[in-house]
Structures are given as C-alpha cells and as structure tokens.
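Novice: Here's a structure for you.
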Amino acid sequence: MDVFSHQVYIESQRSKQDQKVANSLLRCWKAMGLPDYLQLDNELSFRGSNKYPRSFGLVIRLCFHFGVQPVFIPAGEPWRNGVIEKFNDTYNKKFFRRQWFPSYATLKRQSKNFQRFHNKQHRYSFLKGKTPNEIVKASNHNALTIGANTKLPKLDEATDGNVILIRFIRSNRVLDIFGEKFKVSKDLVYSYVKAIIVTKIHRLQLYLGEELVDAFDYQLPND
C-alpha cells in the first residue's frame, strides 16, 4: 500500500518464501513505481536469516538494488503498520471470507478484481472522501518506474544501502538488530530509537530523534 494515496497492489502467493515476496514486490513496483521507503514488519522472509543476521535476505538485497530503503517497525508492535493491518482486515472480511474460491487461479484473478475495485471505489475519510485513484490523479506525481519486462536481478551479493530499524529500548539497555544484541546508554532506556545499518561505511548508527547518539562497527560477512 502506498500510504500517501492508500492505493494497493495485491499479490496472492502460496507461501511467504523470500523468492515469492521479492517477485511480488518487483511486480508491484512495475505497476505503482518505486518507493523511497518500504516499511515492513520483522517477518523472517523479509530480513534474511536468524543464524546469519548480517547476511541480508533477498528482499533487502532487492531494495538495495533499486535504491529503496527498507524500514523495519518495532518488534511485536503490529499497530505500527496500522494502515495495512486495517486494509488486511477489510480484505479478509469484505472479500476473502465472502466467497468460495474453487481454485488458486480463481483467488488470484478475483484478488486483482478486488484491487481494482478498492483503488477506484473505496473512499477514505483520511483522504477527505476521495478514492486512491483520485488522489494519485490529482497529485500529478510521476513515480519512478521500472520496465515492464524487468526480471528479478541476480542478487548474490548486497550492494550498498541503508537498513532502518525502529526499536524500543527496555530496562536491560539492549538494542536488538535482527537477533544481535548491542548494549546502549542508560539514557536511552524506555525510548524509541532509529538504528540505521549503513553498509557503505560498515557502521550501525543510532539516533534519538534526529540526533546521532551512538555508533557501532558493523562488518558484513564478505568484508
């Protein structure tokens, strides 16, 4: 979902395997254009591996390839993705639970029909009663797009990019970065911080608001 317009792109997949997620994102970006940021929860298929937390997964590598910054919300706080969670509830109640799908192909086809209906007809109070398509048309924004024939690139190694993680620091003063633990100042206890993995300089930078308050070495596996 584009949070500016609330326009959605729906892909039906049989699993959350990272290859399927990456291919779905690629098709989404072909249709809607490339975002500056991609906000995600901490699902394993989005980030990579618990065993090798610095070996970024396919989704992060895809973001790097196209210059998109992935942003991971605080762990265990799904309401941080409230816009898409609300849409998922609408999709479930108004579409998925309302009909019988005799085949997977039917589900995929009907999901696209729901996508078109939502973007053209669904009016949001947040958008002052306008539909997502009306907002997109009125904005005159020309999104950076990628070619319709673009294939999933070979992403054996991650190019340079930034990974942003929003994290809450509890009384143990632990900053959790994909399972790795970093000890932070007691001044950050009970605060939300922004951690940025900057691969170009191999650093993990820690911000409180806009202020850089700490930094850690963050060597990637190939270095």
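The values are calculated or read from the model by the stated rules, or taken from the named source; none is laboratory data. Just so it is clear, the model here is predicted, and its values are computed rather than measured. Heads up, the Cβs are rebuilt from the backbone with ideal geometry, glycines too, and the neighbour counts pull from every protein chain shown.
Novice: Which residues, counting only those in region 98-146, are hydroxyl-bearing (S, T, Y) and touching a helix residue (DSSP H, G or I) at 6+ places or on another chain (Cβ under 9 Å)?
Specialist: Of everything in region 98-146, those that are hydroxyl-bearing (S, T, Y) and touching a helix residue (DSSP H, G or I) at 6+ places or on another chain (Cβ under 9 Å) turn out to be S111, Y124, T131, T145.
Novice: What do you reckon, is W79 part of a helix (DSSP H, G or I) and surrounded by 18 or more Cβ atoms within 10 Å (Cβ to Cβ)?
Specialist: no
Novice: Would you point out the residue of region 109-159, among those that are among the acidic types (D, E) and in a loop (DSSP other than H, G, I, E, B), that is nearest to K20 (Cα to Cα)?
Specialist: D156
Novice: Shifting gears a bit: Kindly provide the set of residues from region 178-221 that are part of a loop (DSSP other than H, G, I, E, B), under 19 Å from R54 (Cβ atoms) and either in contact with a Ser or Thr (Cβ under 9 Å, 6 or more places away or on another chain) or small (G, A, S) (or both), ordered by number.
Specialist: Selection gives F178, G179, T199, Y218, L220, P221.
Novice: Turning to a different aspect of this structure: What is the one condition in (1) at pLDDT 95 or above; (2) closer than 21 Å to I166 by Cβ that S45 does not satisfy?
Specialist: All conditions pass for S45, except number (1).
Novice: Could you run through region 35-68 and say how many residues are of a type in the set (S, T, Y) and part of a loop (DSSP other than H, G, I, E, B)?
Specialist: Qualifying residue count for the region: 3.
Novice: Sticking with this structure for a sec: Kindly indicate whether L188 is over 26 Å from R61 (Cα atoms), surrounded by 13 or more Cβ atoms within 10 Å (Cβ to Cβ) and not polar (S, T, N, Q).
Specialist: Here the answer is yes, as L188 does meet what is asked.
Novice: May I ask you to list the residues in region 95-119 that are closer than 15 Å to V8 by Cβ and without any contact (Cβ under 8 Å) to a residue 12 or more places away in the chain?
Specialist: Listed by number, the residues that qualify are F96, N113, R116, F117.
Novice: Which residues, counting only those in region 43-76, are touching a residue at least 60 places away in the same chain (Cβ under 8 Å) and more than 20 Å from W29 (Cα to Cα)?
Specialist: Those that are touching a residue at least 60 places away in the same chain (Cβ under 8 Å) and more than 20 Å from W29 (Cα to Cα): G48, N50, Y52, P53, R54, S55, F56, I73, P74, A75.
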